[in-house]
Amino acid sequence: MPAVIVLGAQWGDEGKGKATDQLGQNTDYVVKFNGGNNAGHTVVIDGEKYALHLLPAGILSEGVTPIIGNGVVVDIEVMFQEIDEMASRGVDCSRLKVSSNAHIIPSYNRLMDQANERARGKNQIGTTGRGIGPTYADKMNRIGIRIQDLFDPEGLAEKVEAALAPKNEIFAAVGMETLNPEVVTEELLAYADRIRPMMCDVSLEVNEALDRGDTVLFEGGQATMLDIDHGTYPFVTSSNPTAGGALTGAGVGPTRIDRVIGVAKAYTTRVGEGPFPTELDDKVGEALRVKGGEFGVTTGRARRTGWFDAVVVRYATRINGLTDICLTKLDVLSGYPSIPVCVAYEIDGVRTEEMPLDQAGFAKAVPVYEELPGWDEDISGCRTFEELPVNAQAYIARLEELSKCRIQSIGVGPGREATIVRYPLI
Ligand code: GDP
Ligand code: IMO
Ligand code: MG
């Protein structure tokens with residue numbers, strides 16, 4: 001299976017890092033296609049934990065070429081910090097490549113992120129504050145700064161000046177410090193020499209790899225419900241973490257893709273603001289948060305927790321054309337006498353099994369639950385489907401039915417080895 005997209009089927013933090021790492025062991029290239037250092041992907045190898053933000057999880061697999069695609073927004077300072085940190089832990093980062101078309105997050109866009117959030121007051125999105133939204137806004141507004149601009153100092157100075165001027169007006173108006181365009185330009189130019197040998201044409205690289213019969217994995221950041229088009233707008237990120245984003249974010253055509261894998265937790269979490277129908281805003285939710293270790297990798301924020309929402313995952317199956325689901329964290333659900341699963345919503349007293357047409361409706365959605373029998377056993381040592389308690393097997397079978405997609409693997413712990421693989425993907 002040469003071309004595989006791995007993406008989030010819920011609101012993020014589903015375990016994409018672990019899934020990518022696992023598949024990455026049989027892969028030649030791992031390409032990130034969207035987002036930036038708002039992502040936090042955790043991989044645990046032999047008990048050692050790696051938290052990746054900008055770098056593709058494939059960096060941890062020997063023989064893999066990791067690439068940062070054109071659809072990613074790159075905070076260069078953060079990227080080199082992450083490279084240095086990984087290198088100090090013995091990870092070979094010399095193979096990392098970066099698209100020359102990827103946009104850069106200049107320091108002013110981190111400040112703009114803060115200014116925007118402040119201006120929204122009680123309607124805050126709860127962004128990660130990494131400058132993601134303002135950088136994608138500049139990209140669409142055609143005033144963005146790209147990696148290739150670092151090699152044309154005069155042009156860069158002009159571009160920075162044009163992009164920064166309107167932002168300085170906003171900073172001044174809200175009492176924030178303004179920035180000097182020359183200083184910003186110098187900050188960016190300081191990385192030019194180090195980044196030059198990493199630059200690549202990601203589309204050419206990936207398509208040639210596929211022509212040779214190599215395996216390419218496209219690793220998504222964020223998730224379907226955070227997608228700028230298909231998510232819970234405006235409580236979303238500013239990119240397309242869905243399957244279409246992998247195509248534009250890496251320069252590949254849809255006819256080349258063989259598998260689209262959605263990663264989903266056996267329950268649901270969300271960080272930041274926005275509607276979340278199955279949220280457990282009570283002691284049960286708090287216990288699930290503690291049991292599942294649901295605290296953000298990037299910002300350390302407590303994640304909101306709730307039961308599995310099959311309307312959401314079924315929607316993700318449709319939006320992305322999922323071929324398979326990697327279900328994670330089933331081990332966290334051991335010990336409940338019964339487990340509610342949301343099969344539909346009631347909106348103003350009317351039952352719907354699909355995502356409503358409008359966000360006002362979604363904000364009012366009341367989950368319709370089906371209670372599935374739980375299990376008490378610790379399942380973290382299970383390595384085959386048959387070893388799982390029968391009720392856990394039935395839980396999986398029902399989720400598969402409701403999600404309209406087969407479940408390829410089941411996570412039973414954070415470690416690389418703690419997975420039940422039902423059939424090989426690559
Ligand atoms: P990502 O952003 O989608 O890569 O997910 P995160 O790394 O932000 O969050 C997932 C968390 O769950 C990490 O701490 C993983 O180590 C952990 N994890 C992944 N799969 C499993 C699993 O099957 N069981 C348990 N207990 N933890 C898991
Ligand atoms: P991974 O890849 C979970 C959320 C933020 C906020 C919204 C917008 O680890 O799954 P942004 O900084 O992107 O403008 O914030 O999106 N968010 C994530 N939530 N996992 C992520 O990444 C996220 N990246 C952004 O909390 O609600
Ligand atoms: Mg994460």
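The values are calculated or read from the model by the stated rules, or taken from the named source; none is laboratory data. Everything quoted here is computed from the prediction, not taken from an experiment. Reconstructed Cβ throughout: ideal geometry from the backbone, glycine too, with neighbour counts over all protein chains shown. Accessible surface areas use protein heavy atoms only, side chains included; no ligands, DNA or RNA. Shrake-Rupley method; radii C 1.70, N 1.55, O 1.52, S 1.80 Å.
A few remarks follow.
- Residue within segment 70-79 that is of a type outside the set (Ser, Thr, Tyr), in contact (Cβ under 8 Å) with a residue 40 or more places away in the chain and surrounded by fewer than 21 Cβ atoms within 10 Å (Cβ to Cβ) present: yes
- Breaking point among (1) at pLDDT below 95; (2) open to solvent by less than 60 Å² (accessible area, probe 1.4 Å); (3) charged (D, E, K, R), for Glu400: (1)
- Positions within segment 255-273 being part of a loop (DSSP other than H, G, I, E, B) and within 24 Å of Cys326 (Cβ to Cβ), in sequence order: Ile257, Asp258, Ala266, Tyr267, Val271, Gly272
- In segment 80-100, the condition of being open to solvent by less than 40 Å² (accessible area, probe 1.4 Å), acidic (Asp, Glu) and either within 16 Å of ligand 3 (Cβ to nearest atom) or in contact with a helix residue (DSSP H, G or I) (Cβ under 6 Å, 6 or more places away or on another chain) (or both) is met by at least one residue.
- Across segment 333-355, the qualifying residues are those that are assigned to a strand (DSSP E or B) and open to solvent by less than 30 Å² (accessible area, probe 1.4 Å), and the one among them that is farthest from Thr305 (Cα to Cα) is Ile347.
- Gly253 being free of Cβ contacts under 8 Å to residues at least 24 places away in the same chain, over 23 Å from Glu14 (Cα atoms) and open to solvent by less than 40 Å² (accessible area, probe 1.4 Å): yes
- Subset of segment 296-306 [of a type outside the set (Val, Ile, Thr) and either within 12 Å of Gly12 (Cα to Cα) or more than 12 Å from ligand 1 (Cβ to nearest atom) (or both)]: Gly296, Ala302, Arg303, Arg304, Gly306
- Subset of segment 367-384 [touching a residue at least 40 places away in the same chain (Cβ under 8 Å), in contact with a strand residue (DSSP E or B) (Cβ under 8 Å, 6 or more places away or on another chain) and open to solvent by less than 80 Å² (accessible area, probe 1.4 Å)]: Pro367, Gly374
- Exactly one residue among Gly69, Gly24, Gly63 is within 14 Å of ligand 1 (Cβ to nearest atom) and of a type outside the set (Ser, Thr, Tyr), and that residue is Gly24.
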